[in-house]
Structures are given as C-alpha cells and as structure tokens.
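Each remark here refers to the structure printed beneath this line.
The values are calculated or read from the model by the stated rules, or taken from the named source; none is laboratory data. Just so it is clear, the structure is predicted and the values come from calculations on it, not from any experiment. Methodologically, a virtual Cβ is constructed for each residue, glycine included, from the backbone with ideal geometry; neighbour enumeration extends over all protein chains shown. Just so you know, the surface numbers come from the protein's heavy atoms only, side chains and all, with ligands and any DNA or RNA stripped out. Shrake-Rupley method; radii C 1.70, N 1.55, O 1.52, S 1.80 Å.
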Amino acid sequence: NAGVMQNPRHLVRRRGQEARLRCSPMKGHSHVYWYRQLPEEGLKFMVYLQKENIIDESGMPKERFSAEFPKEGPSILRIQQVVRGDSAAYFCASSPPTGIEQFFGPGTRLTVL
Amino acid sequence: GENVEQHPSTLSVQEGDSAVIKCTYSDSASNYFPWYKQELGKRPQLIIDIRSNVGEKKDQRIAVTLNKTAKHFSLHITETQPEDSAVYFCAASNPLDTGRRALTFGSGTRLQVQP
C-alpha cells in the first residue's frame, strides 16, 4: 500500500525556467494539498484540489504558479519563470474522502540557481 | 484566517524526561488539531491528532490535550528517547468546511533529547 508519491525528489532550475512537480496521492485518496516549506521555516498552504477541481487556492501566489489534478494521472504544481525565492521544499499531502487526516509525501526540493 | 502560534521554538531535555509543546489558535471554528514530527530532510509524519469533541487523547508515550475555551492545545511526550529528536509542528483546520480544510501550521519546535 504505497504512500503519497512525489517526483522528482530534487529539481534544479535556472532563473526563468519552468518547474513541474508531480504528486500521486495514496490509493483511495481523492483530495490533494500542496504546501511549501522554506528553509528553517514551517509549512505554508498553497492549494487544495480534488479531481478536476481547484477547491481552495488562497495560499497560491497570484502569478507564475498554477496547479491541476486531472481525471487521470498525478496532480501537478507548475512554477513558471522561477526566481531564487522559489527555492524551497514543496510537499504534497493527500486525504481520504472524509477529508480529515492528511498524509504527506517525501517532498520535492527545488533549487533555483 | 486562522493563525497558529507555537512555543517554544527550541526545547532541550534529558533522555527520560518529559517534553511539552504548546500551541494557540485564533479561529474558533477550527475543530481538528494534528501534530506532525519532521526529521531532517524527511516528510512531516502525523503522530497524533485530536478533534474538538474530546479534551485529551493518548497514544503510548504521546498525549495531546485541548482547551477549546482558551483555544490552546499541547503535545506531551513522556520518557523521551534520543529518537524523539526532531522538529514538531502543530496545526489546525476545520475539515467539515471545504474552504477551511487546509492545515495552518505553527512555526515548529526543535526538540533535542540529550542521551
């Protein structure tokens, strides 16, 4: 029973490039959340999705960031034209249809050069 | 929106002692309070949670208490061991409200257990 999967685990991009982060929820989970963790800081909510729907994107920066969770395949967090300040660990969490407990993936560590 | 404050930011205890971490929240509608343990470079791991219909929950050496009136909750670890060393995060949400399911995290407590 695989847990939440994220890939890649490490991603290096130069300023101005695009970053695509993928998240596959636990089996039977239909809710996905993305959080960002800056070095030595706590986790900050970005976006909450269910299949084909964005439910809450109140934590998502207005520009350059987008997220999707298609009917088939993983959820994707996309960052366009990355800047050094985007360097962080990006964690995905999933929860069951009851929507209570959230279980985290291993994260993607993005480094922007 | 919700705001969660966590204290202390660092905590050093001797092996076998108890450790207590405290959090306060601002949104009276929050009714779900999980605690996560994060080791260096690893994912946050859910260790215990409490819902607003109970005041205390215990799981072996870990317990969590909740005071809804005062809007604060605490994590208690007894008989600490070196492997308890990690950063602990509290969080709050309202899973019954789709607009409030996102977790709001505290700033974290770095616990160090000295052998």
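Numbers below:
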read-out: When residues of the range A:29-47 are limited to those that are within 10 Å of chain B (Cβ to nearest Cβ) and modelled with pLDDT under 95, the one most open to solvent (accessible area, probe 1.4 Å); value: A:E40
read-out: Among (1) more than 14 Å from chain A (Cβ to nearest Cβ); (2) surrounded by 13 or more Cβ atoms within 10 Å (Cβ to Cβ); (3) not acidic (D, E) - the single one B:Q60 does not satisfy; value: (2)
read-out: Residue selected from the range B:87-115 under the condition part of a loop (DSSP other than H, G, I, E, B) and open to solvent by 40 Å² or more (accessible area, probe 1.4 Å), by the criterion nearest to the other protein chains (Cβ to nearest Cβ); value: B:S107
read-out: Residue satisfying all of: in the range B:66-86; of a type outside the set (G, A, S) and open to solvent by less than 40 Å² (accessible area, probe 1.4 Å); farthest from B:D49 (Cα to Cα) among these; value: B:T80
read-out: Given (1) outside any strand (DSSP E or B); (2) open to solvent by 10 Å² or more (accessible area, probe 1.4 Å), number of the condition A:A67 does not satisfy; value: (1)
read-out: Residue satisfying all of: in the range A:59-98; more than 30 Å from B:L40 (Cβ to Cβ) and within 14 Å of chain B (Cβ to nearest Cβ); farthest from the chain's Cα centre (by Cα) among these; value: A:T98
read-out: Residue count, the range B:45-70 (criterion: in contact with a strand residue (DSSP E or B) (Cβ under 9 Å, 6 or more places away or on another chain) and over 23 Å from B:V87 (Cβ atoms)); value: 7
read-out: Residues located in the range A:4-28, provided they are open to solvent by 30 Å² or more (accessible area, probe 1.4 Å) and in a loop (DSSP other than H, G, I, E, B); value: A:P8, A:R9, A:R14, A:R15, A:G16, A:Q17, A:E18, A:P25, A:M26, A:K27, A:G28
read-out: Test for A:V12: is it within 11 Å of another protein chain (Cβ to nearest Cβ), in contact (Cβ under 8 Å) with a residue 12 or more places away in the chain and on the phi < 0 side of the Ramachandran plot; value: no
read-out: Among (1) touching a His at 6+ places or on another chain (Cβ under 7 Å); (2) assigned to a loop (DSSP other than H, G, I, E, B), the one test that A:E40 misses; value: (1)
read-out: Pairs where the first residue, in the range B:39-55, is facing chain A (nearest Cβ under 8 Å) and the second is part of a loop (DSSP other than H, G, I, E, B) and surrounded by fewer than 12 Cβ atoms within 10 Å (Cβ to Cβ), C-beta under 8 Å, 6+ apart; value: none
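Per-residue answers, yes or no, for (1) among the polar types (S, T, N, Q); (2) closer than 19 Å to A:F45 by Cα:
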site	(1), (2)
B:R51	no, no
B:T69	yes, no
B:P82	no, no
B:S85	yes, no
B:F89	no, yes
B:D97	no, yes
B:L111	no, no
